[in-house]
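The values are calculated or read from the model by the stated rules, or taken from the named source; none is laboratory data. Predicted model, so just to flag it, every value in this text is computed and none were measured. So basically every Cβ, Gly included, is an ideal-geometry build from the backbone, and we count neighbours across all protein chains shown.
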Amino acid sequence: MANTAPDTLMPPVQPEPVRSDPVRNEGQWSKNLEYWKDDGSIVLRAESTLFKVHRSQFEHLSTALRGLLTIPPSTTGILEGTEKWPLYMPDTTEAMLTDVLSFLYHSAFNTPSTDPANEQKYLNILAFADRWEITPARKYAIYALEHLEPPLRAARRLELARIHTILLWVRPAVEDLMQLPLSFLDPPELMSFGGVILRRLLRAYEFRTLELERTAQLVPQLSKWDEQEYGCPKERHQRCIDAWDRVWWEQVGRPLLHPHRLLRPSGIVAHVEGLVRDPEISPICYADALQAVRNSDWAEGRVVAQVIEHIKEDIRGMSMKQYDENDL
Ligand SMILES: [Zn+2]
């Protein structure tokens with residue numbers, strides 16, 4: 001297809017805005033008093049509420065919005081946007097338009113609030129920004145959602161990443177999710193991922209569970225037990241083996257299997273290197289044990305990285321819009 005070829009200058013094909021025929025104002029709608037600007041130049045309708053605002057605030061935001069504001073429906077020729085013929089905003093709730101106007105008139109150049117009570121407001125701005133391709137509003141809303149305090153839960157971030165194609169959120173959300181067992185997620189959170197992403201996560205969880213159990217039980221083996229020149233006589237070496245088995249289980253196996261994931265495979269090497277040598281293990285055998293740990297290989301990190309890339313591909317495939325990952 002022409003619009004996927006890398007060397008083409010054709011813009012991606014956008015769906016035409018849905019234009020319904022104008023409806024005359026017979027007093028059936030109420031005015032939003034906060035956004036009824038006496039010197040406003042356009043009257044908009046979202047659901048059954050009218051807003052009188054400044055056309056210039058909107059027109060420059062995006063090509064899609066400028067088209068809606070300036071092109072009359074072909075069947076009637078009436079140019080909407082007056083109190084008599086308000087311009088109907090498709091796919092826009094009253095709350096959404098109120099929040100977008102609050103952004104345009106008050107917030108655009110301010111740091112957004114971190115109060116979690118504002119989550120829905122930022123989601124409204126994000127949905128409007130997606131619908132009308134308004135990049136600054138999208139960036140503002142995503143930034144605001146990222147900085148809520150307390151932060152959004154990982155499951156919610158992954159759900160929003162899917163709904164709004166926020167590819168940058170996928171990696172941290174999945175990595176956070178993989179910190180805890182599946183049983184820490186509520187059924188509604190599991191459902192929020194959608195079937196495709198949920199299946200990928202379930203496979204990653206299953207793989208990780210198997211690897212954790214195997215790692216916890218499989219002690220990296222000491223190798224030099226019968227070599228006298230290393231200084232660990234055969235007659236005392238069994239104590240090294242017993243002590244190393246115990247250290248591995250208590251310091252590594254148990255934290256790995258702990259429900260709160262006190263330790264992850266990626267952290268085992270640094271963790272073991274930070275332990276104080278158990279005096280029952282001879283120095284030479286302890287050095288040998290550390291080397292055996294360093295030589296071990298855990299696949300969890302690679303599996304999670306692969307799942308993250310797959311989920312990004314899924315989200316790209318489901319999205320109508322082509323957002324660049326690094327540019328939101
Ligand atoms: Zn030994």
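Here are the numbers for the structure shown:
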{"item": "Single residue of the range 298-307 satisfying the filter (touching an Asp or Glu at 6+ places or on another chain (Cβ under 7 Å) and either farther than 17 Å from Thr215 by Cα or not in a loop (DSSP other than H, G, I, E, B) (or both)) that is farthest from the ligand (Cβ to nearest atom)", "result": "Val304"}
{"item": "Residue identified as modelled with pLDDT under 95, over 22 Å from Val307 (Cβ atoms) and not in a loop (DSSP other than H, G, I, E, B) among Ser183, Ser102", "result": "Ser102"}
{"item": "Identity of the residue in the range 275-297, part of a loop (DSSP other than H, G, I, E, B) and more than 16 Å from the ligand (Cβ to nearest atom), that ends up nearest to Ser183 (Cα to Cα)", "result": "Asp297"}
{"item": "Scope the range 270-312; condition surrounded by 14 or more Cβ atoms within 10 Å (Cβ to Cβ) and among the acidic types (Asp, Glu); matching residues", "result": "Asp278, Glu280, Asp288, Glu300"}
{"item": "Some residue of the range 160-168 being more than 26 Å from Pro90 (Cβ to Cβ), in contact (Cβ under 8 Å) with a residue 60 or more places away in the chain and not assigned by TED's automatic domain parsing to the domain that holds Phe58", "result": "yes"}
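Residue by residue, here is whether (1) modelled with pLDDT under 95; (2) under 35 Å from the mean Cα position of the chain (by Cα); (3) on the phi > 0 side of the Ramachandran plot; (4) in a helix (DSSP H, G or I) holds:
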{"position": "Pro72", "(1), (2), (3), (4)": "yes, no, no, no"}
{"position": "Ile78", "(1), (2), (3), (4)": "yes, no, no, no"}
{"position": "Asp91", "(1), (2), (3), (4)": "yes, yes, yes, no"}
{"position": "Ser113", "(1), (2), (3), (4)": "yes, yes, no, no"}
